[in-house]
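Following: one structure in structure tokens, then a few remarks.
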Amino acid sequence: MRVVSVVSTKGGVGKTTVAANLGGLLADAGLRVLLLDLDSQPTLSSYYALSRKAVAGAYELIALNLTEPEQIISETVIAGLDLIISNDDQGQLDALLLHAPDGRLRLRNLLDKFRPGYDLLLIDTQGARSVLLEMAILASDLALSPITPEMLAARELRRGTLKLLSELEPFRHLGITPPPLRLLLNQVNSIRVDTRMIIRGLRETFAGATNILVLDTVIPDRVAYLNAASLGLPIHRIEAHRSRERRSPSALETMQALAIELFPEWGEAISTASKYAKVR
Ligand SMILES: Nc1ncnc2c1ncn2[C@@H]1O[C@H](COP(=O)(O)OP(=O)(O)OP(=O)(O)O)[C@@H](O)[C@H]1O
Ligand SMILES: [Mg+2]
């Protein structure tokens with residue numbers, strides 16, 4: 001089971017959008033995907049309608065170490081896509097972890113329970129620094145960080161997400177390697193010149209870095225992402241074709257390219273995900 005957390009210390013950069021759509025695409029590719037919503041604002045938990053709602057969720061998983069699938073795993077209407085809902089509406093988990101001796105390692109220690117049932121655990125997190133976010137990162141073998149192409153977001157990335165990752169380095173002494181970081185440009189408006197400059201600057205900055213990679217796939221700024229969210233569908237199902245007036249890739253192509261860049265070993269399966277896309 002691969003474990004990927006979608007992280008950023010900045011809010012509103014597209015973490016939940018990426019988690020929902022990537023999870024939906026991989027489930028349609030035949031992979032068994034478990035989403036874990038660790039944001040106390042349960043946006044990911046309400047993205048897809050549920051065909052079965054479990055009585056418990058992320059709170060019981062983290063606070064009580066409850067891993068019983070019957071009790072904590074809900075099923076979405078997308079076949080192969082399950083979800084551990086966020087039910088920490090009081091935001092108590094963070095304080096609880098802060099005072100627990102195993103705090104930052106708790107999720108990592110629970111993962112074995114999910115390995116047989118899933119190919120991928122995809123974790124959505126809150127857009128701010130927290131113990132919960134550190135716990136998610138330390139449980140992951142890859143951290144995926146969406147970034148919007150504004151200067152501010154790039155600066156925040158240095159101050160926030162990169163600093164956080166470097167502060168997790170001491171965990172190496174415990175034999176725990178912090179995951180490599182993949183930066184994903186989101187909400188890109190390719191026409192703007194400053195956008196292109198920022199993207200180039202970002203690539204140059206990390207050209208020599210071993211642990212940080214700017215992904216080739218770029219997610220454009222499209223109203224279709226909002227439409228998909230209101231329909232409760234993964235975007236590749238509703239935008240499978242390029243429009244005549246646009247030369248840029250369809251959302252299906254974009255999400256497939258992203259998935260293949262992250263999980264080259266699943267390339268063949270990922271190319272079959274188009275069978276669920278709506279026929280025009
Ligand atoms: N590529 C895109 N094109 C257009 N709109 C987008 C795109 N990506 C995200 N959005 C929209 O931007 C808003 C913020 O996205 P999202 O909720 O995914 O961010 P987030 O990082 O999860 O935010 P938070 O930190 O609050 O959890 C949403 O309304 C979403 O629909
Ligand atoms: Mg979110």
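Observations on the model:
- Using a simple spin-label model with pseudo-atoms 7 Å out from Cα toward Cβ, Leu174 and Asp194 lie 4.2 nm apart.
- Secondary-structure-derived ellipticity at 222 nm for the chain, considering helices only, amounts to -9500 deg cm²/dmol, per-run term -39500 (n - 2.57) for DSSP H runs with n ≥ 4.
- Cα-based convex hull volume of the chain per residue, rounded to whole Å³: 127
- A full extension of the chain between Arg115 and His241 corresponds to an added length of 41.9 nm, given 0.36 nm per residue minus the alpha carbon distance.
- Zone of Arg159's modelled label, taken as backbone nitrogen in the stretch 1-17 under 17 Å from a point 7 Å along Cα→Cβ: 8-13
- Here Lys53 is the anchor, and the lysines within straight C-alpha reach of less than 22 Å, apart from those fewer than 8 places off in the same chain, are Lys113.
- Euclidean distance between Cα centres, the stretch 28-85 to the stretch 192-252, Å: 26
- Max mean-square fluctuation residue, GNM over the chain, Cα-Cα springs under 10 Å, options Leu44, Leu81, Leu174: Leu174
- Calculated log₁₀ intensity ratio I(q)/I(0) where the Debye formula runs over C-alpha points of the stretch 150-280, q = 0.09, 0.14 Å⁻¹: -0.35, -0.80
- Assigned charges on the beta-carbon of Lys, Arg, Asp, Glu; the stretch 2-271 dipole about Cα centre (debye): 800
- Rough spin-label spacing in nm, given labels placed 7 Å along Cα→Cβ, for Ser230 and Arg129: 3.8
- Counting protein heavy atoms only, the chain has 52 percent of its accessible area on carbon and sulfur, 1.4 angstrom probe.
- Under 5 Å, built H, 5+ apart or other chain: amide partners of Leu35: Asp82, Leu83, Ile84, Leu122
- Farthest toward positive dipole pole in the stretch 1-139 [+1 Lys/Arg, -1 Asp/Glu at C-beta], among Leu64, Gly23, Ser51: Gly23
- Net length available on complete extension from Lys275 to Ala79 is 69.2 nm, with 0.36 nm assigned per residue and the Cα-Cα distance removed.
- Heavy-atom accessible area per residue - the stretch 2-271, 1.4 Å, Å²: 44
- Protection proxy ranking of 196-208, 176-188 - average other beta-carbon atoms within 10 Å, highest first: 176-188, 196-208
- Note on Lys163: lysines with a C-alpha under 16 Å away, same-chain residues under 8 apart excluded, are Lys10.
The values are calculated or read from the model by the stated rules, or taken from the named source; none is laboratory data. Because the structure is predicted, anything quoted here is derived from the model rather than measured. Cβ: placed from backbone, ideal geometry, glycine included. Neighbour counts: every protein chain shown. Heavy atoms of the whole protein, side chains included, go into the accessibility calculation; ligands, DNA and RNA do not. Shrake-Rupley method; radii C 1.70, N 1.55, O 1.52, S 1.80 Å.
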